[in-house]
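In what follows, a single structure is set out as structure tokens and then discussed.
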There are 4 protein chains.
Amino acid sequence: MTHSIAILGASGYTGAELVRLIATHPGLSITAMTGERKAGQPMASVFPFLRHLDLPDLCRIDEVNFSAVDLAFCALPHGTSASVIKDLPHDLKIVDLSADFRLKDPAVYKRWYGKDHEAPEMLGSAVYGLTEFYREEIRATRFVAGTGCNAATGQYAVRPLLSAGLIDPDEIVINLITGVSGAGRSLKENLLHAELSEGANAYAIGGTHRHLGEFDQEFSAIVGRKVEVQFTPHLAPMNRGILATVYVRGDAQAIHAEFERVYAEEPFIEVLPFGQAPSTHDVRGSNFVHVGVAADRREGRAQVFATLDNLTKGSSGQALQNANLMLGLPETEGLMLAPLFP
Amino acid sequence: MTHSIAILGASGYTGAELVRLIATHPGLSITAMTGERKAGQPMASVFPFLRHLDLPDLCRIDEVNFSAVDLAFCALPHGTSASVIKDLPHDLKIVDLSADFRLKDPAVYKRWYGKDHEAPEMLGSAVYGLTEFYREEIRATRFVAGTGCNAATGQYAVRPLLSAGLIDPDEIVINLITGVSGAGRSLKENLLHAELSEGANAYAIGGTHRHLGEFDQEFSAIVGRKVEVQFTPHLAPMNRGILATVYVRGDAQAIHAEFERVYAEEPFIEVLPFGQAPSTHDVRGSNFVHVGVAADRREGRAQVFATLDNLTKGSSGQALQNANLMLGLPETEGLMLAPLFP
Amino acid sequence: MTHSIAILGASGYTGAELVRLIATHPGLSITAMTGERKAGQPMASVFPFLRHLDLPDLCRIDEVNFSAVDLAFCALPHGTSASVIKDLPHDLKIVDLSADFRLKDPAVYKRWYGKDHEAPEMLGSAVYGLTEFYREEIRATRFVAGTGCNAATGQYAVRPLLSAGLIDPDEIVINLITGVSGAGRSLKENLLHAELSEGANAYAIGGTHRHLGEFDQEFSAIVGRKVEVQFTPHLAPMNRGILATVYVRGDAQAIHAEFERVYAEEPFIEVLPFGQAPSTHDVRGSNFVHVGVAADRREGRAQVFATLDNLTKGSSGQALQNANLMLGLPETEGLMLAPLFP
Amino acid sequence: MTHSIAILGASGYTGAELVRLIATHPGLSITAMTGERKAGQPMASVFPFLRHLDLPDLCRIDEVNFSAVDLAFCALPHGTSASVIKDLPHDLKIVDLSADFRLKDPAVYKRWYGKDHEAPEMLGSAVYGLTEFYREEIRATRFVAGTGCNAATGQYAVRPLLSAGLIDPDEIVINLITGVSGAGRSLKENLLHAELSEGANAYAIGGTHRHLGEFDQEFSAIVGRKVEVQFTPHLAPMNRGILATVYVRGDAQAIHAEFERVYAEEPFIEVLPFGQAPSTHDVRGSNFVHVGVAADRREGRAQVFATLDNLTKGSSGQALQNANLMLGLPETEGLMLAPLFP
């Protein structure tokens, strides 16, 4: 028996990535895919790389028969997602990939996203989708809010250290390099090949990136008081991949040992030998996270590195991992694809 | 029950690609992997992207217990392969990925590879590994010689047309754009990022590329007389992917109809709607081939396009497809991974 | 004394390239730059790479005092250009970089561009801007129509051979790989980094690319009868550069000798030793053209290769070269910049 | 009158970049270029992009007639450079691009480069080549040691702030993204296109990069006590360009004001408006440095950004700027080329 899946917003990169992953998942069957502006089109005309699959044509959301759907992935744009989800059947299992339900506090949402939330009454019911740290809540819920891809990367490098009290919460610098697919299939000048290839730049500088809302929420909750990290993302000419280089104060060996302990049983998290740095190349297209630790030459300081594929572990792979839990399937089903290298 | 697999030459790109594919293949188990210069090292130190897998360490070929091996993939360099294979047990199933057994005639081999063949007596026993055209021979043999990646791409675009007599065999121009991984993990100046990125160039110009040996052998056999195509490969800054643009004389509509007929039941070959051109982006990391046809503005002339991933369908994916047949497994097992896009 | 220059349409890539080149040109001074939607903005906010230059802010075309302008480069979009140029002062020197005045016949224009020409009465007065072949006409005119960048590349490889009767005009296949900046700074999905990087595809297949209008016009004029080449452009992940691989029927040695003869005194055209293929890498950012010739293994057939930078020699560099001639300046002034490698 | 220039080590990237820059320099003439392994070859065969230039063939160093040379650029590998320079005529003007004479203390040299210095007696006589901060010393010397490219980038972001006492010297984190040409034309696996494109990684982690020697030397000298920054370089898939993102403690507005004051008259340093981040794209191929400043959301913390082209301002452009000073030429001669974009 397979579970019936709907993908709302299948015409973007995260929607297509969900299809890619589900293509070889034995327990799931895609019965509806939506794309408002491309309704009526076959997926092969929107994403020719999926041409070999037998998929339903794109339709409008109001054409979906949700009573026949076991779980819906919501891969809609930020803002749109909340207004759609609030009207979905209240017993439908939902994994949202947008930013709309990540933040618990409507005021915090408004601060980072610049507008009132469309469904503030639902904020409390969404489980934050960072699987390794909310596994049991996810297993028990019908509604998961996927994390930001940058936010996920940083958290894999920082959360266990805060929980174990191994680093100074006030001295965390998260420097991050990200690929371009995180910005979606959107027509912006700075995403053009001619503008992006062969160069790099920082963006959302000075602590203005929206994923800081997630860092603040999560890190403060762990420590039990307000924690504000420094965070600078950079755009590099690569399609997939995020690398977080995190400067922390603490003992590097203890940090490494803690990662090895905490992540020992995690199927998707690989802790590198002490002193090795991971590369985005080595996780591309996969649900894996590679974590590394190095001691700085200055005593009491260390660097932690975490890398993942923003479209897989940072978004659609995470969503599928969570869906597996929600549906009572093996957590790793459909997700053990090896990275693509080179 | 799983079949026991050895990968000879696992420290190169095609070897690593085999591991990537076999990682999620339910019927195969890798029991030995060799790398002469890296013997004793774990695969994770040679290819960190495979870190999550439980693999045997690299060893020397003479350390492999072949009596416990059901099938060996031979991903060794050209020349080395023949000298190794000739000493392997004569009942071992072998899929060779090198160029050593593609050409049937030792004199032709010497012309294109510049030296005498190491095991000319074995040339006749190898089945040419272009699965769709040698399927039954492959199923019945214990020894398959994988095709050249460029040679495979061109043949998908040309073979059915020659067989059906739809094009003039003397007026075929195969223009080809290829990614860089086809050259392997070799330290050559022109393969450096700084030399290759952001530019393109032709190479092996004037009909000097070795894969012409395969084109000649195969196309001449189909037509029943000597056929010599024109062929110019170009290197573009991409890691995976080959695109053949083939200029032919014939009726474009008839050509397209023939492709649809011939490839209708093929699990890995997608024929695009008439007038559409395929993109290497849409097959990356997969075993699929996309074929397209367009009529030229000049009557009686057409262009045929074929694209595949050189490391997958052009090499290791093809090898696995053939191994599946040789082992009595479903032909598509482990190979239905969707392409990676973007 | 410097000449006063206006750049109409300075907010696109060809406009910015003109600024880049003129920046170190001792005889020209930019006194007006237009950009309708960005009027009032400093160039540094549109193109930060030009930040170091002391440039006028962008303005609207109707704000330009053309009486103080010696020569205007018109780098406006196709279609817009004609409607602007027809209203410019009739004694103003103009170098148009658009497609609007390349074709002499309004019917041919309509066929390729799909609409009636905005200023058909001016078609006859524009000199086709392929400097090496129209040098004296350019020197004498006040109005030059720049060539298509693909069209220029193909012509450098073919024109001398048709003029000398060295090749069969009916058997010319121009296969071309082009970089993405030729499509301009336009927001199209296929120009996004995520869609374009790491892959290649043909476009405008089957003889539908607009630059065929130029090939037809020019080649037919040389031969004295209708000549229709085959032409397939491919998009590769590089920002600058075009490589034409041209399949011809003729004697390769004679072809090479003719190139050496014809281009011997040309300051920007380098003929490579026989049998060598040029690379787009080696002309990037420069006004140079590299031409190569190889004999095919089939007698009487040859390949000719030509490469140039589409934004420089294929567009803005060509325009400046022509402007130099029109203003009585040394033809190479401001254009001897070496290519940028790597 | 032109000055006669020798380029020792012209077969590498920095040597070729020197040729590119000198190509349009009116006051310099290249009379000798060396390349030990490629002696006898024309430069066009080593770097075809320089084909259009009339250059001497490569020769061995012992073939150079230094009595006819006014200034030698030494672009040899680290280690080799010192052993060559110590035997050059003692009155020859020399600009060394290697690491051999950057560090003043032989013990510090040994710590970072792992061996005894070949010419320790010369360490004191070399002027550190960061032009803007050693201009008068450079003008007066005959021997300049070019800086590390990463070291230069970081210093443009940090030096004025330390001099003005605007930041805490003990809390400086220099995070850096660099292009691949900084590693030279060397055959290393991690520099292959297939290994590098489409991904990023940190290297020399934990404070082990050799350029830390320069940071320590220079920053400690400014502050008057030992200063040790944290520094993590990252490799991104781009050929040229370095971006330093520096986390500092201080007042962002004061920092920005100081940069505007200090760099006001510098011909090659552009300070961006407050709150803007520079991009490597905007300095590619040029001698310009773009500097930006942003306030962090946490009071008293700021980020400083500096970007330059490692081969130009970070190496060969800096060298030429210094040579201009040493020869009494205008400092900007041959260096006002605009960046290449896109």
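The values are calculated or read from the model by the stated rules, or taken from the named source; none is laboratory data. All figures in this text were calculated on a predicted structure; none of them were measured in a lab. Every residue, glycine among them, receives a Cβ derived from its backbone with ideal geometry; neighbour counts consider all protein chains shown.
Numbers for the structure displayed
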read-out	value
Residues (under 25 Å from D:G184 (Cα atoms), at the interface with another protein chain (Cβ under 10 Å from one of its Cβ atoms) and not acidic (D, E)) located in the range D:290-322	D:H290, D:F305, D:T307, D:L311, D:T312
Cβ-Cβ under 8 Å pairs, at least 6 apart or on other chains, the range D:72-97 side on the phi > 0 side of the Ramachandran plot, far side of a type in the set (D, E)	D:G79/D:D100; D:G79/D:E118
Residue among C:R249, C:R240 that is among the charged types (D, E, K, R) and surrounded by 19 or more Cβ atoms within 10 Å (Cβ to Cβ)	C:R240
Where D:L123 falls short, out of the listed (1) closer than 18 Å to D:S316 by Cβ; (2) aliphatic (A, V, I, L, M); (3) in contact with a Leu (Cβ under 9 Å, 6 or more places away or on another chain)	(1)
Where B:R20 falls short, out of the listed (1) modelled with pLDDT of 95 or more; (2) on the phi < 0 side of the Ramachandran plot; (3) assigned to a loop (DSSP other than H, G, I, E, B)	(3)
Hits in the range A:192-241 - residues which are within 23 Å of D:I174 (Cβ to Cβ) and of a type in the set (D, E)	A:E198, A:E228
The range C:250-289 - residue that is small (G, A, S) and facing chain B (nearest Cβ under 10 Å) and, of those, farthest from C:I167 (Cα to Cα)	C:S279
Cross-chain or 6+ apart pairs with Cβ under 6 Å, the range D:214-232 first and closer than 18 Å to A:A295 by Cβ, then aliphatic (A, V, I, L, M) and assigned to a helix (DSSP H, G or I)	D:F231/D:L212
Identity of the residue in the range C:116-142, among the hydroxyl-bearing types (S, T, Y) and part of a helix (DSSP H, G or I), that ends up surrounded by the fewest Cβ atoms within 10 Å (Cβ to Cβ)	C:S125
Residue in the range A:61-75 that is in a helix (DSSP H, G or I) and buried (at least 18 other Cβ atoms within 10 Å of the Cβ) present	yes
Among residues of the range B:99-113, those that are within 14 Å of B:A82 (Cβ to Cβ) and over 19 Å from the mean Cα position of the chain (by Cα), counted	2
Failed condition for C:Y113, given (1) within 22 Å of C:Y13 (Cβ to Cβ); (2) crowded, with 24+ Cβ neighbours inside 10 Å	(2)
Every residue from the range A:19-47 that is within 14 Å of chain B (Cβ to nearest Cβ) and surrounded by fewer than 22 Cβ atoms within 10 Å (Cβ to Cβ)	A:A23, A:T24, A:H25, A:P26, A:Q41, A:P42, A:A44, A:S45, A:V46
Selection from the range A:280-308 of residues that are crowded, with 24+ Cβ neighbours inside 10 Å, in contact with a Lys or Arg (Cβ under 9 Å, 6 or more places away or on another chain) and either assigned by TED's automatic domain parsing to the domain that holds A:S98 or more than 20 Å from A:L340 (Cα to Cα) (or both)	A:A302
Filtered residues of the range D:306-342 (kept if under 12 Å from D:V283 (Cβ atoms) and touching a Pro at 6+ places or on another chain (Cβ under 6 Å))	D:T307
Lone unmet requirement of (1) more than 30 Å from A:L88 (Cα to Cα); (2) buried (at least 17 other Cβ atoms within 10 Å of the Cβ) for A:D170	(2)
Enumeration of residues in the range B:233-260 that are hydrophobic (A, V, I, L, M, F, W, C), in contact (Cβ under 8 Å) with a residue 60 or more places away in the chain and out of contact with any helix residue (DSSP H, G or I) (no Cβ under 7 Å at 6 or more places or on another chain)	B:A254
D:L329 surrounded by 24 or more Cβ atoms within 10 Å (Cβ to Cβ) and touching a residue at least 12 places away in the same chain (Cβ under 8 Å)	no
Per-region count, the range B:171-187, residues in contact with a strand residue (DSSP E or B) (Cβ under 9 Å, 6 or more places away or on another chain) and modelled with pLDDT of 95 or more	10
Residues of the range A:179-213 satisfying the condition of being more than 9 Å from chain D (Cβ to nearest Cβ) and surrounded by 24 or more Cβ atoms within 10 Å (Cβ to Cβ)	A:V180, A:S181, A:H211
Condition broken by C:A202, with the remaining ones in (1) aliphatic (A, V, I, L, M); (2) in contact with a helix residue (DSSP H, G or I) (Cβ under 8 Å, 6 or more places away or on another chain); (3) in contact (Cβ under 8 Å) with a residue 12 or more places away in the chain satisfied	(2)
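A quick yes/no check of all residues on (1) in the same structural domain as B:R139 (by TED's automatic domain parsing); (2) assigned to a loop (DSSP other than H, G, I, E, B); (3) at pLDDT below 95; (4) buried (at least 20 other Cβ atoms within 10 Å of the Cβ):
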| site | (1), (2), (3), (4) |
| --- | --- |
| B:S81 | yes, no, no, yes |
| B:P89 | yes, yes, no, no |
| B:V95 | yes, no, no, yes |
| B:S98 | yes, yes, no, yes |
| B:Y109 | yes, no, no, yes |
